[in-house]
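Notes to accompany the following structure.
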Amino acid sequence: DRDGRLPVLVGTKEKCDEMKSNLLAVRLDPLKHDVLVRTFAYDLVVHQLFAISLLTWLQELSLSCSSLQHVMRTILINKPLYARHELEEPDGSEPLLLDQVWSIGNVLWKVSRCEFQSFIMSLMTTDTSQKIGFAEKFMDYYDRIQSQFLADDHEHNMSMASLSVQFFTVPTVAYTLLEEHDAFYTVTSAVVQHLRLAVDKTTDWLHVSTITEFDMSRFSYVIEDIRYLLAHPPLPWTDERREWFMRGFKNIVHIFSWIEGMEGFKRKFNEHVEYEYEWDEGFQLVLGFTSTIRHMLKWIRSDNQLLGQCVQCVSAAVGSRPHLSNFVERVVEARSPKD
């Protein structure tokens, strides 16, 4: 439904539990998951509805009061969360209110997710420095947020993961995340982590047949985050910038080593009927990296020293994997764009 959940009965706990059992016993579509049915206390539901209305009111009020926006941004980023919960900061420190928002995104229903995202975006629009603060916290929980999205059943625009485009497409924010928070390595590591589940341990090839069309459509959003980060013009190169770029580049080479030589799609016969495996998932995966490669090459070509390091990295990957060596037919001389 439009709200993401639907009350079906208001009554005593016994009657609600009986209705819950009846609903769980009925499966409208055996191919889909069971309907999630829960019994809530009436007071809890009232508090939830009030909280959503309060978020809407605060958002509307903040549009006409910049001071209130500043106060709410400060509270979200700096206010410790005193309520007890199971999640902790990555560095072990006391969690903040904003940390709770990142961490429980997949637990909320559709309307509450939309209100939270709309509220956060309204606080980021006027102050670039505060937007960087939100983005830094987002990067701290990036892997967890993407894992929640991949395991979720809601659309991308209903997930906290959709906020990445708001951060990565702003040059000032993107450069800060790349240099100070190793964003290139963090995002590519998330891709490696999730693709590793589909890699055959014997051949070290990617088996796309184990990836469903639904998972691939969601995974493509994670790949797009790499493109958003590298879509900006390259920075003047320093040794530190080459180091963080190479950390992310090595992850990309690792991914491509899985893709190159992955399971072929060959026609086979089954009971005298010729057929072939589905190839769409593999095609979508390669297509998703196409624009990413173009932006990545733009960064590499801008510095001769970095170009040499990348060539050495690719050569080492080819030499360490026999199945890659079979695909190498010629050596391409690396030349500077100025030559």
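The values are calculated or read from the model by the stated rules, or taken from the named source; none is laboratory data. Please read all numbers here as calculations on a predicted model, not as lab measurements. So basically every Cβ, Gly included, is an ideal-geometry build from the backbone, and we count neighbours across all protein chains shown. The area values use the complete protein model at the heavy-atom level, side chains included, leaving out ligands, DNA and RNA. Shrake-Rupley method; radii C 1.70, N 1.55, O 1.52, S 1.80 Å.
Per-structure values
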| read-out | value |
| --- | --- |
| Among the residues listed as Asp215, Asp239, Asp200, the single one being modelled with pLDDT of 80 or more, more than 10 Å from the chain's Cα centre (by Cα) and either at positive phi or among the charged types (D, E, K, R) (or both) | Asp239 |
| Only one of Gln312, Gln284 that is within 29 Å of His207 (Cα to Cα), under 32 Å from the mean Cα position of the chain (by Cα), open to solvent by 30 Å² or more (accessible area, probe 1.4 Å) and modelled with pLDDT under 90 | Gln284 |
| Neighbours by Cβ (under 7 Å, 6+ apart or cross-chain): first from region 214-234, over 16 Å from Ile252 (Cβ atoms); second open to solvent by less than 10 Å² (accessible area, probe 1.4 Å) and among the aliphatic types (A, V, I, L, M) | Met216/Leu285; Tyr221/Ala161; His232/Ala174 |
